[in-house]
Amino acid sequence: MTGPQAPRAAFTLIELCVVMLILGLAASVVFPRVCGGALEGARLRRSAARIASLAVYARARAASLHQMHTLYVEMQTGRYWVSAGVPSQADAGAASVDPARRGSLHEGARFSGVRVGGETHSPRGTVSIRFGPEGWADPASMRLVGRTGRTAAVRIGGLCGRVEVYVPAEDMPAEGGPGFAMGR
């Protein structure tokens with residue numbers, strides 16, 4: 001026979017569920033603050049890489065088709081696209097462009113500066129960067145800023161049309177000719 005058993009000290013299922021709920025709520029509040037900057041950096045890197053890939057595409061298409069191509073950057077909305085031909089009023093919209101040749105910055109990101117050929121463009125309007133059939137491009141640099149203040153930059157070389165991405169934007173060297181130094 002067994003005698004009376006002493007009550008065991010343990011947690012009930014309800015108590016464990018309440019503790020798990022409190023830990024889950026705490027994690028949902030802390031996680032975005034701790035990891036939000038890393039996610040913002042990845043999104044900016046992806047946006048800068050997408051712009052760079054469209055610039056490389058525009059340069060390659062211009063050379064292979066022997067026809068000028070233009071990368072358009074709409075400063076206010078964060079949209080960008082590539083079309084064939086010389087910049088004109090007819091090309092001032094991305095609606096008719098193949099979806100593979102257009103994109104937009106992620107939510108919360110914006111262009112904080114775009115320089116083309118040494119000229120800084122205002123935060124409104126559309127900027128065009130030309131790519132010639134001989135392989136040249138308008139020298140340009142673009143600075144992207146995220147909601148948390150993280151930055152990225154895309155630089156397009158003029159003579160050879162080389163495209164580079166810098167994350168953070170401060171890693172982009174100031175030297176390199178007109179159009180490459182970007183202010184904050």
For a quick check of your reading of the model, give me the residue pairs whose first member lies in segment 122-141 and is farther than 14 Å from ILE51 by Cβ and of a type in the set (Asp, Glu), whose second is surrounded by fewer than 18 Cβ atoms within 10 Å (Cβ to Cβ) and at pLDDT 90 or above, with beta-carbon atoms closer than 6 Å and at least 6 apart or on different chains.
none
Restrict the check to segment 65-84 and report whether at least one residue is in a helix (DSSP H, G or I) and modelled with pLDDT of 80 or more.
yes
In segment 5-41, the residues that are under 23 Å from LEU105 (Cβ atoms) and either at pLDDT 85 or above or in contact with a strand residue (DSSP E or B) (Cβ under 7 Å, 6 or more places away or on another chain) (or both):
none
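The values are calculated or read from the model by the stated rules, or taken from the named source; none is laboratory data. All figures in this text were calculated on a predicted structure; none of them were measured in a lab. Heads up, the Cβs are rebuilt from the backbone with ideal geometry, glycines too, and the neighbour counts pull from every protein chain shown.
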